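Q: After the structure tokens below, expect a handful of questions from me.
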Amino acid sequence: MTEDVRRVFRMDNEVLAFRFTATVSDRAGRTPRERLTDAARLKLWLGAAGLGVTEVSPTGLKDALELREAIYRIGSAIAAGERPRSKDVHILNTIAAAGHAKAALEHERAGWHLTKTTPVRDALGVLATDAIRILGGPERDRIKNCEGPGCAGLFLDTSRGANRRWCSMNTCGNKVKKSRSAAR
């Protein structure tokens, strides 16, 4: 696949697990856009996220979509001050436990070594573990859904006053500011 990853996916979220959930855009809009339309697209995204695999099966894609949606539902529940569904927590924990990736420092950068036998499962395990770290960690009260029109993407509000409203100033924030300016 020769697609440019930046044209296909948003890769600007600081939280890896939330960057994964952004493979569906305009979640709150009339027509959410699925970007993981096939196994090749998942392979492309995993490579861009530092979790390169040689091949993704249809089962691997199905498992990835199930994980992505569980992460999104848990994050949205937390953002709304609600308790996540136990089924979603079970999916997250099961996929995290199934992975066998090893963290590695290479060329002064953190990365992951995936096993040769189950690289997709390992990559999903990394995503699930990252989600657990953020969804169950001390900053969980800073998880929010984007207020941008149609977006509803997850982000971690690291602003000093905890008053950030958009997943990204470069996308949703600019859209809101441009529409306000045009309305004047």
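Q: Is any helix in the chain, taking whole DSSP H runs, at least 15 angstrom long along its axis by alpha carbon and on average at least 0.5 on the Kyte-Doolittle scale, and which ones? Walk me through the numbers on the way to the answer.
A: Working: long enough: 58-79 (31 Å, 0.16); 86-98 (18 Å, 0.52); 119-135 (24 Å, 0.91).
Span-like helices here: 86-98, 119-135.
Q: On to the next question. How big is the charge dipole of the chain about its Cα centre, in debye rounded to the nearest 20, if each Lys and Arg gets +1 on its Cβ and each Asp and Glu gets -1 on its Cβ?
A: Numbers: 32 positive and 21 negative charges, 165 e Å.
Around 800 debye, computed over the chain.
Q: Still on this structure: Which net charge results for the neighbourhood of Ala162, defined as the other residues with beta-carbon distances under 12 angstrom from its beta-carbon, given Lys and Arg at +1 and Asp and Glu at -1? List each step's numbers first, then the result.
A: Working: positive: Arg142, Lys144, Arg160, Arg164, Arg165; negative: Glu139, Asp141, Asp157.
Around Ala162, the surrounding residues sum to +2.
Q: A follow-up question, please. Collect residues whose amide H, placed 1.01 Å from N in the peptide plane, falls under 5 Å from the amide H of Val53; neighbours closer than 5 in sequence don't count.
A: Those lying under 5 Å, H to H, from Val53 are Gly47.
Q: Next up: Counting helices only, and only those DSSP H runs with n ≥ 4, report the 222 nm mean residue ellipticity of the chain as the sum of -39,500 (n - 2.57) divided by its residues, in deg cm²/dmol to the nearest 500. Intermediate results must be reported in sequence, preceding the final value.
A: Details: 7 runs with 82 residues, N = 184.
Result for the chain: -13500 deg cm²/dmol, rounded to the nearest 500.
Q: Cβ neighbours within 10 Å, averaged per peptide: list 64-77, 134-147, 82-95 in order, most packed at the top. Walk me through the intermediate numbers first.
A: On the way: 64-77: 21.0, 134-147: 16.9, 82-95: 15.2.
Averaged packing, sorted descending, gives the order 64-77, 134-147, 82-95.
Q: Let me ask something additional. In terms of modelled amide H atoms, which long-range or inter-chain residues lie less than 5 Å from the amide H of Glu139?
A: Residues meeting the criterion, in which the H sits 1.01 Å from N, do not exist here.
Q: Oh, and also: Of all GluC sites (Glu not before Pro) in segment 1-34, which ones are in loop regions per DSSP and have a Cβ with at most 13 other Cβ atoms within 10 Å?
A: Numbers: sites: Glu3, Glu14, Glu34; in loops: Glu3, Glu14.
Sparse-neighbourhood loop GluC sites (Glu not before Pro): Glu3, Glu14.
Q: Please work out how much length the chain gains when fully extended from Asn170 to Glu147, using 0.36 nm per residue of separation minus the C-alpha to C-alpha distance, in nm with one decimal.
A: Working: separation 23, 0.36 × 23 = 8.28 nm, distance 1.38 nm.
Result: 6.9 nm gained on full extension.
Q: Hey, what's segment 51-184 come to in accessible area per residue, 1.4 Å probe, Å²?
A: Working: 8010 Å² over 134 residues.
With all protein chains present, segment 51-184 gives 60 Å² per residue.
Q: Non-local amide H neighbours of Trp112 (under 5 Å, H modeled in plane, Pro and chain starts lacking H): which ones?
A: Under 5 Å from the amide H of Trp112 lie the amide H atoms of Ala104, each far enough along the sequence or on another chain.
Q: On to the next question. At a 4.7 angstrom Cβ threshold, list every cysteine in the chain that has nobody to pair with, or say none.
A: For the chain, the answer is Cys172, because their Cβ atoms have no other cysteine Cβ under 4.7 Å.
Q: Can you tell me the FRET efficiency between Ala48 and Glu14 if r is taken as the Cβ-Cβ distance and R0 is 22 Å, rounded to the nearest 0.05?
A: Working: r = 15 Å, r/R0 = 0.68.
Efficiency, rounded to the nearest 0.05: 0.90.
Q: If you don't mind, there's one more thing I want to ask. Can you send over the carbon and sulfur percentage of the accessible area for segment 1-85, probe radius 1.4 Å, protein chains only? Display every interim value, and only then the final one.
A: Values: 2130 of 4510 Å².
Solvent-exposed carbon and sulfur of segment 1-85 make up 47 percent of the total.
Q: Positive end of the dipole of the chain, charges at C-beta (+1 Lys, Arg; -1 Asp, Glu), about the Cα centre: which of Val126, Val5, Gly173 has its Cα farthest in that direction?
A: Result: Gly173.
The values are calculated or read from the model by the stated rules, or taken from the named source; none is laboratory data. For clarity, every value in this text was computed on a predicted model and none was experimentally measured. Cβ: placed from backbone, ideal geometry, glycine included. Neighbour counts: every protein chain shown. Side chains included, ligands, DNA and RNA excluded: accessible areas come from the protein's heavy atoms. Shrake-Rupley method; radii C 1.70, N 1.55, O 1.52, S 1.80 Å.
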